[in-house]
Each structure stands twice: as structure tokens, then as C-alpha cells.
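The values are calculated or read from the model by the stated rules, or taken from the named source; none is laboratory data. Please read these numbers as outputs of a predicted model, since none were measured by experiment. Note that each Cβ is placed from the backbone with ideal geometry, even for glycine, and that neighbours are counted across all protein chains shown. For accessibility, only protein heavy atoms count, side chains too; no ligands or nucleic acids. Shrake-Rupley method; radii C 1.70, N 1.55, O 1.52, S 1.80 Å.
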Amino acid sequence: MRREMVQEQIRERGVRDPRVLDAMLRVPRHEFVSEDMLNGAYADQPLPIGEGQTISQPFMVAAMTQAMELAGEERVLEVGTGSGYQAAILALLAREVHSMETVVPLATAAHARLARLGYKNVQVHSGDGTLGWEKAAPYDAIVVTAAAPRIPPPLVEQLAEGGRLVIPVGAATEQELVRVRKIEGRITAESLHYCRFVPLLGRYGWPSSHS
Ligand code: SAH
């Protein structure tokens, strides 16, 4: 099922980075969904993971990861740990992964799951990821897996020189996936494609009443 997922949902739709495709083949996605969702683990869609949150569609995980342009030695930050699935993919593609989650039970469960599955280079932090995680900054790449009303300034500040920030930005109902680059201290942004994510809450996200 995983091979079919990678071929039909990811490769055929244009994600070609061989390291990303390999990671998507290796991470057991069914370990990141609840038992009653097992049948859909490899389906072409996001799935509920409890607390009103979702594990992203496989294609979206692959496309965002490819956009981060990882070669293997990076320190990266993910905002929105959720199930921990994207963090596991990143663990195979970067040296050090920090992942932030506001919903404490999700952070706790993801931490336990990642440890049980043997992903040793991932640290899960609970807290507002729109503020970034200053302690380990700067990051070579940052990915935000929830929809932001605007680009949170702390995330841009915590990007290393040459760093990439991949983030869905826009309205609550639909967003554009944006890639920001920091080159010689200057910021450029490019729009990659349309997407739909659950709202990013917190200081530079949507107000909590929004969800
Ligand atoms: N990457 C996840 C999918 C995440 S869904 C996976 O692979 O399963 C988006 C997640 O972002 C949700 O779990 C939500 O609780 C979290 N979130 C929302 N606002 C946040 C914030 N300000 N900081 C950290 N996490 C946040």
C-alpha cells in the first residue's frame, strides 16, 4: 500500500526528490493513525487524529518536505507536530528535528510514538510554535503544518542564512503554500500551490475562538 501511495499519489503528481520518496516509503504511516482509521492510513486524504486535528494528506507531506530542500545535515523546525508523521519523515532527511505542538495530549502521544518507533533525532516541544523554538535556532529549514493568517516574524528571525520556511498562508478556508528564503539577510517569497490546512493558533496565528 505504501508503494502504491508513493507511486500514484506522490511521484505521478510531480514530487521527484528521491530522498523524499524514499522516506515516504520507509515511514509506516499506519502507526500514526488511530485504530479506527487504519483502513484509510494510505488513502489520498488527511485523517482525523483526535482533538479536532488531522494528519496531513500524504502528497502534501511530500510536497512540503521537498520544498524544504533537505540534504541530510540540517537542523529543522516543524510547527504542528500532530501525530508526529511529518516529524518522522523529517527525521530521516535531516540531522536534528525540533517539532512544536500546542495541544499537550497530542505532543505527549507523538513523543511516545516517535520514541517507540526509534526516531532518535526528533525532539517534541509543547508550546506556541508561532514563536518558534529559540533555544535551538537558527534553523536551516522550518515547516508549518497548519494554516497561518500571515508569516509569523519569529519564524523568519529563526531562519539561518540560506534557510527555507515553508508555510500555508491565507484565509481560513484556503491557503497558498509559500516558501520564504533568507538570502544575505533579505527575504524572498514564492508561492508553490494551493492547499487547505487546519488553522494555526497562537500569538501570530488565528485567535483560539477560530477553531
Ligand atoms: N504535521 C502533523 C499534522 C498537523 S495538523 C502530522 O504529520 O500529523 C496541525 C497541527 O498544528 C495540529 O496538531 C495543531 O494542534 C497544531 N497547531 C496549531 N497551532 C499551533 C501552534 N501555534 N503551535 C504549535 N502547533 C500548533
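See the values below:
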item: At R0 = 25 Å, FRET efficiency that the Cβ-Cβ distance of Glu4 and Asn121 yields, to 0.05; result: 0.30
item: Surface accessible to a 1.4 Å probe, per residue, for the residues of the stretch 1-44, Å²; result: 61
item: Euclidean distance of C-alpha centroids, the stretch 1-60 and the stretch 73-133, integer Å; result: 17
item: Computed lengthening from Glu161 to Glu134, 0.36 nm per intervening residue step minus Cα-Cα distance; result: 8.2 nm
item: Karplus-derived HN-Hα couplings along the stretch 125-135 (A = 6.51, B = -1.76, C = 1.60, θ = phi - 60°), whole Hz, x at Gly and Pro; result: 10, 9, x, 7, x, 5, 8, x, 10, 4, 4
item: Gaussian network model of the chain, Cα within-10 Å springs - most flexible of Tyr119, Tyr194, Tyr42; result: Tyr194
item: Modelled FRET efficiency - R0 41 Å, Asn39 with Arg186, Cβ distances, 0.05 increments; result: 0.30
item: Approximate shape of the stretch 2-205 as ellipsoid semi-axes (Cα gyration tensor, √5λ), whole Å, largest first; result: 23, 19, 17
item: Peptides ranked, highest mean first, by Cβ atoms within 10 Å: ranges 179-189, 129-139; result: 129-139, 179-189
item: The stretch 1-134, accessible surface, carbon-and-sulfur percent (1.4 angstrom probe); result: 49
